[in-house]
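For reference, the structure discussed in these notes is given below.
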Amino acid sequence: MVEAKIKINSQTGLHARPASLLVKEANKFKSNICLVKHDKEYNAKSIMSVMSMGATFGDEIIIRASGEDENEALNSLKSIIEALKD
Amino acid sequence: MLRGIGASSGVAIGIARVIKKTSEVEKVLIKDTQKEIERLEKAIELAKKEIEDLKVSSKENIGEKGAEIFEAHLMILEDVEFIGAIKEKINTEFINAEYAVKLTSDEFAQIFINMDNDYFKERAADIKDIGNRIINILLGKNNNSISSIKESCIIVAHDITPSETAQMNKDLVLGMAANLGGKTSHVAILARTLEIPAVLGLGNITEVVKDGDLLILDGDNGLVLINPSQETISVYKEKQEKILLEKRELLKYKDVEIKNKLGRKVEIAANIGNPFEVDIALKYGAEGIGLFRTEFLYMDKTSMPTENEQFEAYKYVLEKMKDRLVIIRTLDIGGDKNLPYLNLEKEMNPFLGLRAIRLCLNKRDIFKTQLRALLRAGLYGNLGIMFPMISSLEELKEAKNILKEVERELEAEGVEYSKDYKVGIMIETPSSAIISDILAKEVDFFSIGTNDLIQYTLAVDRMNQNVSYLYNPNHPAILRLIKTVIDNAHKEGIWVGMCGEMAADVNMLNTLLEFGIDELSVSPPMILKLKKSSGQAS
């Protein structure tokens, strides 16, 4: 299992459009991937789950991946969240 | 007779079609969970197909913006957590698919309702919409009664959702009546765009009216008449006929050009208060947007609109208007128009208090967010930024400084923004009119806001019935001020528009043309009336 901490830098947070980008990307990997906010896990492959996290500007979240392609998954999701800007 | 809110004008006479949306779902215990899951999966596939169709028809009827919502609906239908939760309920609780869908969509909707961000809150409705769609398919009911209409009728519903207005056959829907909704609700705006009469906020019309009742919808007066007498019907038929003739007549004037006394063409632009209204404006031949009020972004909310939310709204209008000027007014709020989340102090004299540009200069973060969104959106069209309620040169300079500051910040962050935009001010305080020669050196245009200018100049609160008789647009003081403003502007080589009610007053048109006004901005349906009354030929 690998994980990384990351801060949401988008003013609008993870709402529909960024969330759907993220979910589409997550679904490309075989690993189990989740996002963690306030110790609660959210399924990164589910738009409902990612949106129900309600991540807004400045929130710190953890990306956690486990599986055969966990490293690639982690890196790719990390770069998507980092690139989020309004 | 029922009284509601006249949300879209016109008269409709027709048979009621009552839309009952929420299907009753009963809990049934089942044995064969595998079979139940297969039923569910089939229903989901059908739902996806329905939504794909909706997406296409809504793109045709309302445009890209309207279709976006269905993209999200499709993703929900493919969501592992959502669908997973439904299947799990079937498997572990041995319940029918309908009930499992209902429980799950209620659960998920509740999560979103509890969130403290408006955007996320509103997603609850999308989830319920999806849930109902699957349930109706499972029950073998035709989900979209509105889209399944085969004969012309008046739609009667509890609430009419955007997805429903998108899919209804415009030629068959004579009018719309609903328990919920108001003048600014989404359906009202769409009804006006499609020119379908609508009466909303009726409370309980779905309980009072039955399928097949004959209805008259009076969109101008917000009335619904149920099974009226022949006599009433013929009165309304006449009225309807008249409206139709007027409309047809007016369209002849779409290409009329109005000229002022200097022989210059006067731009006839539209006032809008919501991005969707740009479509109405274009339909009536608006030559620009003379006033785009941005308050809708801030009202009826619990928190400030984000920069991106604003950016999208501005961009939408700018793109639609292409190279025509779109004048967007910065936040005009405060005084009587309060925002609960701003925690403004109660004032003794709200109209003389912290409002409009004064509020923006006081709460710079709000102002700067709006300016950032405006400058970024400026890349997509021909942008004019307009400051309201300017009363001194210092105020204008300060507002312009902040605008420059925002430019520098965007530059430093490497964010793309428009460098080619116009800056103007509303002339709505007597002081700004009197020093318009000085202010004209600082801006690209003026727009005279007559409602406030008259109220401030004549010291008359026109909402106060005891003094409203003094509210007189023809008062020499007002005419002198307007003339002064136009002359001063022309001396500095800038143009002057007018966006208050006087601009739409056909009796004032000749005076304004005589003064040399360069632009008149009015509500979209007034555009053609104005062109007609000018008596000038195309």
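The values are calculated or read from the model by the stated rules, or taken from the named source; none is laboratory data. The model shown is predicted, which means the values in this text are computed figures rather than measured ones. A quick note on method: Cβ atoms are made from the backbone with ideal geometry, for glycine too, and the neighbour counts reach across all protein chains shown.
Does region B:458-469 contain at least one residue that is hydrophobic (A, V, I, L, M, F, W, C), over 20 Å from B:Ala356 (Cβ atoms), at pLDDT below 95 and in the same structural domain as B:Glu514 (by TED's automatic domain parsing)? Even if it seems obvious, please write down each step before you answer.
So in region B:458-469, the residues hydrophobic (A, V, I, L, M, F, W, C) come out as B:458-460, B:463, B:467.
So of that shortlist, the ones also over 20 Å from B:Ala356 (Cβ atoms) come out as B:467.
Then keep just the ones that are at pLDDT below 95; that gives B:467.
Cutting the leftovers down to in the same structural domain as B:Glu514 (by TED's automatic domain parsing) gives us B:467.
Looking through region B:458-469, at least one residue is hydrophobic (A, V, I, L, M, F, W, C), over 20 Å from B:Ala356 (Cβ atoms), at pLDDT below 95 and in the same structural domain as B:Glu514 (by TED's automatic domain parsing).
Determine whether region B:409-429 contains at least one residue that is within 28 Å of B:Leu352 (Cβ to Cβ) and in a helix (DSSP H, G or I).
Restricting attention to region B:409-429, the residues satisfying the condition of being within 28 Å of B:Leu352 (Cβ to Cβ) are B:423-429.
Narrowing the set further to residues that are in a helix (DSSP H, G or I) leaves none.
Within region B:409-429, not a single residue is within 28 Å of B:Leu352 (Cβ to Cβ) and in a helix (DSSP H, G or I).
Can you name the strands (runs of 3 or more DSSP E) wholly within chain A that have at least 2 residues being of a type outside the set (A, V, I, L, M), within 14 Å of another protein chain (Cβ to nearest Cβ) and closer than 20 Å to B:Met115 by Cα?
Fully inside chain A and qualifying: A:40-43.
Could you grab me the full set of residues in region B:458-482 that are under 24 Å from B:Glu395 (Cβ atoms), out of contact with any Ser or Thr (no Cβ under 9 Å at 6 or more places or on another chain) and surrounded by 14 or more Cβ atoms within 10 Å (Cβ to Cβ)?
Selection gives B:Leu458 alone.
Condition test on B:Phe112, is it at the interface with chain A (Cβ under 9 Å from one of its Cβ atoms), assigned to a helix (DSSP H, G or I) and without any contact (Cβ under 8 Å) to a residue 24 or more places away in the chain?
Values: at the interface with chain A (Cβ under 9 Å from one of its Cβ atoms): yes; assigned to a helix (DSSP H, G or I): yes; without any contact (Cβ under 8 Å) to a residue 24 or more places away in the chain: yes.
Yes: the conditions hold for B:Phe112.
What residue, among those in region B:488-516 that are of a type in the set (S, T, N, Q) and surrounded by fewer than 20 Cβ atoms within 10 Å (Cβ to Cβ), is farthest from B:Asn472 (Cα to Cα)? First the steps, then the outcome.
We begin by selecting, within region B:488-516, every residue of a type in the set (S, T, N, Q); these are B:488, B:507, B:510-511.
Okay, now just the ones that are also surrounded by fewer than 20 Cβ atoms within 10 Å (Cβ to Cβ), so B:507, B:510-511.
Values: B:Asn507: 13, B:Asn510: 17, B:Thr511: 15 Å.
Among them, the one singled out is B:Asn510.
Which ones in region B:67-102 are among the aromatic types (Phe, Trp, Tyr) and within 8 Å of chain A (Cβ to nearest Cβ)?
Within region B:67-102, the subset among the aromatic types (Phe, Trp, Tyr) is B:70, B:82, B:94, B:99.
Answer for region B:67-102, where residues must be among the aromatic types (Phe, Trp, Tyr) and within 8 Å of chain A (Cβ to nearest Cβ): just B:Phe82.
Can you find, within region B:115-125, the residue that is surrounded by the most Cβ atoms within 10 Å (Cβ to Cβ) among those that are assigned to a helix (DSSP H, G or I) and within 11 Å of another protein chain (Cβ to nearest Cβ)?
The initial filter retains those residues of region B:115-125 that are assigned to a helix (DSSP H, G or I), namely B:118-125.
Checking the rest, the ones that are also within 11 Å of another protein chain (Cβ to nearest Cβ) come to B:118-124.
Numbers: B:Asp118: 14, B:Tyr119: 20, B:Phe120: 22, B:Lys121: 15, B:Glu122: 12, B:Arg123: 24, B:Ala124: 19.
Residue satisfying both the conditions and the ranking: B:Arg123.
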